[in-house]
Amino acid sequence: MIRFSDIKVVLYKRELLSYNIAKRIVEATKKSGIPLSEYTCEEDLGSQLEIIQKNNLSSKEVLILKEFHGRKFQKCPGSNNVICCNYYLLNTCFNCLYDCTYCFLNSYLNSYGIVQFVNLDELSDSINEFSKNYHNIVRVGTGEFTDSLMFDEITGIAHDLIEKTCSNKKIFLEFKTKSANIDHLLDIKDKGHTVLAWTLNTPENIKLYEHGAATLKERLDAAVLAQKAGYFTAFHFDPIIRSKNFIDDYIDVMDEMAQRLNPEKILWISLGCFRHSPGFKDIIKHKFPYERLTTEEMFPGIDGKMRYITSERIKIFKTFYQRLHLYFPKTFIYLCMEDSFVWKEVFGIDYNASEELENDLSQHLKSFVNCN
Ligand code: SF4
């Protein structure tokens, strides 16, 4: 698994040291002996990055500390014409240590480096304030443009957020990861409704497509530890990737989850088949010339994204649901970005709008937590 110590250079601006996150990263950088470079303005940063790029450092080896002046807390934009779960996002970082072949970040061809935002002190206030007038449970997470925990032991973002939101029972804070970096979170006393979540795949797919991330065993080991420490957990089978015997391989993963995890501590599991925007295939063919992901036949869906044919997705989701529901009968299992027709075929549920899924998920969480 790739870690913070694998970064080759950290760039920062002196003024940023007034932020805790910047201070922690700069201290850790000095301690690990990673070269640290100061920039004075955007222009200077640009020139330094040009030189670094010429020295053949990859985008994933360069960490840039910056302030972020855009929206840090927002509703997940989802996709047109599909049922979404109305999740909320915290924009804490752009880019990732890991290098998944299917990652949509590959589409951002002009971006270079992992950009860690450091002016995040008021994030918890934004969520707490928002939850006051919100009619449902607020599910919110940091892992949209990055991996939530890839070097969280250095930034301390999860720790700060948990500490400042744990007394608010309307908030379910989710940290979604493909790492096993949770040791620094285990001793937190009041965990509130924090959910540590893992994206899972078959060992074969992890090896082929999730470069630098933790192995399946490392992820499940971490999930077991998290549950024992008192955390709620969640899992995401997304993307489910078709290949020879893939169903059997995924069933092995589910069997292993059932053997090792406490079902009472799994709040939700989401399912999503591999999908991509129309131009994606051309973009990744240069970076991953031997990938086999996009060689399957794909068809445009109602949101314009390319997907496996509907009948095949329904078959896959039904198989996953049957097995997961058998093992984890109290866990809320849902589809990520699928249309009403697929929902009806897989679960027999007639959702016409995303709010209906959100309401069901909220009700489920309220009763799940009351029962535990
Ligand atoms: S872990 Fe997530 S954000 Fe990171 S490269 Fe993989 S898909 Fe992208």
Quiz prompt | Matching residues, segment 188-217, being within 17 Å of the chain's Cα centre (by Cα) and either aliphatic (A, V, I, L, M) or at pLDDT below 95 (or both) | solution = VAL195, LEU196, ALA197, LEU200, ILE206, ALA213, ALA214, LEU216
Quiz prompt | Meets criteria (of a type in the set (D, E, K, R) and without any contact (Cβ under 8 Å) to a residue 24 or more places away in the chain) for GLU144 | solution = no
Self-check item: Extreme residue, farthest from the ligand (Cβ to nearest atom), among residues of segment 214-229 that are in contact with a helix residue (DSSP H, G or I) (Cβ under 7 Å, 6 or more places away or on another chain) and hydrophobic (A, V, I, L, M, F, W, C)
Solution: VAL224
Quiz item: Looking at (1) within 21 Å of VAL140 (Cβ to Cβ); (2) surrounded by fewer than 17 Cβ atoms within 10 Å (Cβ to Cβ), which is the only condition LEU361 fails?
Solution: (2)
Quiz item: Are there any pairs with C-beta distances below 7 angstrom linking a residue in segment 93-111 that is among the basic types (Lys, Arg) to a residue that is within 7 Å of the ligand (Cβ to nearest atom), with the two at least 6 apart or on different chains, and if so which?
Solution: none
Quiz prompt | Checking LYS170 against (1) under 20 Å from ILE333 (Cβ atoms); (2) away from the ligand (no atom under 16 Å from the Cβ), the condition it does not meet | solution = (1)
Practice problem: Scan segment 166-173 and give yes if some residue there is of a type in the set (Lys, Arg), over 19 Å from LYS75 (Cβ atoms) and part of a loop (DSSP other than H, G, I, E, B), otherwise no. | Solution: yes
Quiz item: What number of residues in segment 300-313 are surrounded by fewer than 18 Cβ atoms within 10 Å (Cβ to Cβ), modelled with pLDDT of 95 or more and touching a strand residue (DSSP E or B) at 6+ places or on another chain (Cβ under 9 Å)?
Solution: 3
Quiz item: Can you tell me which residues in segment 223-249 are buried (at least 22 other Cβ atoms within 10 Å of the Cβ) and in a helix (DSSP H, G or I)?
Solution: ALA223, ALA226
Quiz prompt | Residues (within 16 Å of the ligand (Cβ to nearest atom) and either part of a loop (DSSP other than H, G, I, E, B) or farther than 19 Å from THR142 by Cα (or both)) located in segment 174-202 | solution = LYS178, SER179, ALA180, ASN181, ILE182, LEU200, ASN201, THR202
Quiz item: So is GLU264 under 27 Å from LEU225 (Cα atoms) and part of a helix (DSSP H, G or I) or not?
Solution: yes
Practice problem: Scan segment 35-63 and report the pairs whose first residue is part of a loop (DSSP other than H, G, I, E, B) and whose second residue is not charged (D, E, K, R), with Cβ atoms within less than 6 Å and a gap of 6+ or a chain change. | Solution: PRO35/VAL9; TYR39/LEU11; TYR39/LEU45; TYR39/GLN48
Quiz item: Which condition breaks for THR295 when tested against (1) of a type in the set (Val, Ile, Thr); (2) exposed (fewer than 13 other Cβ atoms within 10 Å of the Cβ); (3) at pLDDT 90 or above?
Solution: (3)
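The values are calculated or read from the model by the stated rules, or taken from the named source; none is laboratory data. From a predicted model like this one, the values you see are computed outputs, not experimental measurements. Neighbour counts run over all protein chains shown; Cβ positions are idealised from the backbone, glycine included.
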